[in-house]
1. Looking at (1) closer than 28 Å to residue A:70 by Cβ; (2) at pLDDT 95 or above; (3) within 16 Å of DNA strand B (Cβ to nearest atom), which is the one condition that is false for residue A:136?
2. Does residue A:113 fit the bill of being modelled with pLDDT under 95, within 21 Å of residue A:31 (Cβ to Cβ) and within 16 Å of DNA strand B (Cβ to nearest atom)?
3. If you scan the stretch A:173-216, which residues turn out to be touching a strand residue (DSSP E or B) at 6+ places or on another chain (Cβ under 6 Å) and not in a helix (DSSP H, G or I)?
4. State whether one or more residues within the stretch A:218-238 are in contact with a helix residue (DSSP H, G or I) (Cβ under 9 Å, 6 or more places away or on another chain), at pLDDT 90 or above, under 23 Å from residue A:141 (Cα atoms) and assigned to a loop (DSSP other than H, G, I, E, B).
5. With respect to residue A:101, determine if the residue is assigned to a strand (DSSP E or B), over 30 Å from residue A:181 (Cα atoms), under 21 Å from the mean Cα position of the chain (by Cα) and at pLDDT 95 or above.
6. I'd like the full set of residues that are outside any strand (DSSP E or B), touching a helix residue (DSSP H, G or I) at 6+ places or on another chain (Cβ under 8 Å) and surrounded by fewer than 19 Cβ atoms within 10 Å (Cβ to Cβ), limited to the stretch A:50-80.
7. More than 14 Å from DNA strand C (Cβ to nearest atom) and surrounded by 19 or more Cβ atoms within 10 Å (Cβ to Cβ) - does that describe any residue in the stretch A:124-146?
DNA sequence: CCCACGACCTGTGGGC
DNA sequence: TGCCCACAGGTCGTGG
C-alpha cells in the first residue's frame with residue numbers, strides 16, 4: 001500500500017472531484033476485498049452528498065449526508081497493498097480488479113481497483129466513528145500536536161521488540177509502512193534492530209523529526225515512487241523522489257562521510273534496508 | 001500483555 | 001523462450 005503519503009496524495013487528487021457532489025449510485029463489481037463489501041452499502045449511500053474527503057492514518061474518509069442516509073455517515077476506504085482510487089469519466093471501460101464505482105452527478109466516477117484485495121471499504125455512522133475499531137486504535141498523526149518524543153517514549157518503555165516493529169505498529173504512530181520506517185530510521189541513524197526500550201531518550205527528538213520530514217517530503221513529490229502507484233487523475237511517473245536506503249542493497253550509504261554499504265535483512269517477514277555503519 | 005509468525009491475495013521480475 | 005520461486009506498499013488473528 002500506499003503508506004501515508006500515497007493515501008494523502010490520493011485524497012488531494014480526488015477531493016475537488018467529489019466534494020459537493022451527489023452519489024448517483026454505488027456499483028459493486030467485485031465485493032471480495034479484505035472484508036466483503038456489505039451488500040447493503042449501495043442502497044445506503046444512494047443520493048447522498050459528499051461533504052468532505054479526509055484522511056486518518058491510511059484510511060480515506062468520505063463524509064456523506066442526505067439521500068437515503070438517515071444520519072450522516074462516513075465511507076471508509078483502505079487501499080491495502082495494491083489498491084488505488086481514481087477519478088474517471090463514468091463511461092471508462094472497466095479493467096480486471098476494478099472493485100467498485102462511486103458514480104457522481106458530475107458524470108465522473110470514483111473507481112477502486114485492487115489486484116491483491118487487501119483493501120477494504122465500509123460505511124459507519126459519522127457520529128460514532130470513534131467506535132469503529134480499526135479507526136479508534138490508530139495512534140497520533142505524525143504531523144499532529146500529539147506526536148512528540150514523549151509520545152514515543154511511553155509505548156517504547158520496557159519493550160524488547162525492535163524499533164522497526166514498533167514504528168510499524170499503527171497504534172504507536174499512524175501512517176508509517178515498511179518503506180518510510182526504513183527511511184526514517186536511516187535519517188535518525190538508529191538501527192532497525194535496536195530494542196525500542198533501549199533507545200536513549202535524547203534520540204527520540206531526532207527520530208520524530210525524521211519521521212515528519214520523510215513523510216512530508218514524500219507528500220511534496222506526490223507520494224513516492226511506487227511502481228504501480230498512480231495519482232488520482234491517472235498521471236504516472238512519480239520517479240523524482242529517490243529513497244536513501246529502501247531497495248538500495250549494495251549501494252553506498254548516502255550519509256555524508258559514511259563509508260557503509262546498504263544492507264538488506266528480513267525482519268519479521270519484511271525486508272529491512274539499512275546502513276550497518278551509521279545506524280547504531 | 002508481549003511478541004513472532006502465518007494468513008490473506010495476485011502479479012511480476014529475476015534466475016535458471 | 002518459458003517456468004518457477006521469491007517477493008511486493010498492510011493488517012489481523014493465532015499460539016507460544
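1. Unmet condition: (2).
2. Values: modelled with pLDDT under 95: no; within 21 Å of residue A:31 (Cβ to Cβ): yes; within 16 Å of DNA strand B (Cβ to nearest atom): yes.
Against the criterion (modelled with pLDDT under 95, within 21 Å of residue A:31 (Cβ to Cβ) and within 16 Å of DNA strand B (Cβ to nearest atom)), residue A:113 does not qualify.
3. Applying the first criterion (touching a strand residue (DSSP E or B) at 6+ places or on another chain (Cβ under 6 Å)) to the stretch A:173-216 yields A:178, A:182, A:192-193.
Selection gives A:192, A:193.
4. No, the stretch A:218-238 contains no residue that is in contact with a helix residue (DSSP H, G or I) (Cβ under 9 Å, 6 or more places away or on another chain), at pLDDT 90 or above, under 23 Å from residue A:141 (Cα atoms) and assigned to a loop (DSSP other than H, G, I, E, B).
5. Values: assigned to a strand (DSSP E or B): yes; over 30 Å from residue A:181 (Cα atoms): yes; under 21 Å from the mean Cα position of the chain (by Cα): yes; at pLDDT 95 or above: yes.
Against the criterion (assigned to a strand (DSSP E or B), over 30 Å from residue A:181 (Cα atoms), under 21 Å from the mean Cα position of the chain (by Cα) and at pLDDT 95 or above), residue A:101 qualifies.
6. So the first thing to find is which residues in the stretch A:50-80 are outside any strand (DSSP E or B), and the list is A:57-58, A:66-72, A:79-80.
Now narrow it down to the ones that are touching a helix residue (DSSP H, G or I) at 6+ places or on another chain (Cβ under 8 Å): A:57-58, A:67-69, A:71-72, A:79.
Once the filter is applied, which keeps residues that are outside any strand (DSSP E or B), touching a helix residue (DSSP H, G or I) at 6+ places or on another chain (Cβ under 8 Å) and surrounded by fewer than 19 Cβ atoms within 10 Å (Cβ to Cβ), the stretch A:50-80 yields A:67, A:68, A:71, A:72.
7. No: the stretch A:124-146 contains no residue that is more than 14 Å from DNA strand C (Cβ to nearest atom) and surrounded by 19 or more Cβ atoms within 10 Å (Cβ to Cβ).
The values are calculated or read from the model by the stated rules, or taken from the named source; none is laboratory data. In this text the structure is predicted, and so the values were computed from the model without any measurement. Virtual Cβ from ideal backbone geometry, glycine too; neighbours counted across all protein chains shown.
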